[in-house]
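Structure record follows, encoded as structure tokens.
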Amino acid sequence: MPQLQRITIAFSQFHDEHITLTTEQQHYLCRVLRLQSGDRFIAMDGMGKWWLAKLLGTEAQVLQLISVETELPIAVTLIVALPKGSGFDEVVRYCTELGVTCFAPVVSDRTLLNPSPQKLERWRRIAKEAAEQSERTTVPTILEPLSFSNSLSLVANKKYICEARGDYPHLLSCLQKREDGESNLNDEKTIVVATGPEGGWTETEIEDAIQAGFRPVSLGRRILRAVTAPIVALSLVAAAHEI
């Protein structure tokens, strides 16, 4: 199948094998992409399904369901202490491309950003656009910002907190091996990885995370920016599970 443009469609837009396009979607398909009536594109619901569709003016006809495998074999939740400025925009965009399942933006002791509702809407739009661009079948969930203490209750088979200071094992080695040396990749269905703010986690936050079942890990010998760390962490998770 030739490469086709992709847009995310809400379930409510489907009716009788047709898709009612929003004004924004019509503008994007016809004005931005310059598709003509009869041209084909891919409609995705953001929850794992793709359809081949044909543009018919203000609506589209569903032609067939498409089977694709672009997601990671595990569900990855990223707890990210919100970086200052627009740094979280970059985290959402790049980690969506890398396959993250869920973002949990966190206000920690050293977080400088106080996000507005408009920020959350913007992050979700960036995730949708990045999922379309990277040909993912699923658009990541972005939770409303929460406190670090509340984020510790997120459930997963394995939970890691990344810390630049201290003698901790590398995240990649933890992903690849159990402490007894046996591979654990097939056993992990869900992973939570937490990365800190500018200045890093406080000692109390690290201690609280350990008490909640998180294992402290390193991302390498260098000190990474708050924006860089989650991208590196997600890259390591993807590499460990896709090779």
- Task: Quickly run through segment 214-231 and pick out the residues that are surrounded by fewer than 16 Cβ atoms within 10 Å (Cβ to Cβ) and either within 19 Å of the chain's Cα centre (by Cα) or at pLDDT below 95 (or both).
- Result: 220, 221, 222, 223, 225
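Residue-wise test of (1) at pLDDT 90 or above; (2) farther than 21 Å from residue 136 by Cα; (3) among the aliphatic types (A, V, I, L, M); (4) not in a loop (DSSP other than H, G, I, E, B).
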{"position": "34", "(1), (2), (3), (4)": "no, yes, no, no"}
{"position": "42", "(1), (2), (3), (4)": "no, no, yes, yes"}
{"position": "62", "(1), (2), (3), (4)": "yes, no, yes, yes"}
{"position": "71", "(1), (2), (3), (4)": "no, no, no, no"}
{"position": "76", "(1), (2), (3), (4)": "yes, no, yes, yes"}
{"position": "80", "(1), (2), (3), (4)": "yes, yes, yes, yes"}
{"position": "95", "(1), (2), (3), (4)": "yes, no, no, yes"}
- Query: Can you name the residue in segment 77-107 that is closer than 20 Å to residue 199 by Cβ and open to solvent by 10 Å² or more (accessible area, probe 1.4 Å) and is also nearest to the chain's Cα centre (by Cα) among such residues?
  - Reply: 90
- Note on the structure: The residue from 19, 7 that alone is in contact (Cβ under 8 Å) with a residue 60 or more places away in the chain and either assigned to a strand (DSSP E or B) or over 17 Å from residue 132 (Cα atoms) (or both) is 7
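If I filter segment 34-69 down to residues being of a type in the set (Val, Ile, Thr) and open to solvent by less than 60 Å² (accessible area, probe 1.4 Å), which single residue comes out as farthest from residue 157 (Cα to Cα)?
First, the residues of segment 34-69 that are of a type in the set (Val, Ile, Thr): 42, 58, 62, 66, 68.
Applying the additional criterion that residues be open to solvent by less than 60 Å² (accessible area, probe 1.4 Å) yields 42, 62, 66, 68.
Details: 42: 34, 62: 38, 66: 31, 68: 26 Å.
The selected residue is 62.
The values are calculated or read from the model by the stated rules, or taken from the named source; none is laboratory data. Computed from a predicted model, the values in this text were never measured in an experiment. Here the Cβ is made from the backbone with ideal geometry for all residues, glycine too, and neighbour counts use every protein chain on show. What goes into the accessible areas is simple: the full protein's heavy atoms, side chains included, and nothing from ligands, DNA or RNA. Shrake-Rupley method; radii C 1.70, N 1.55, O 1.52, S 1.80 Å.
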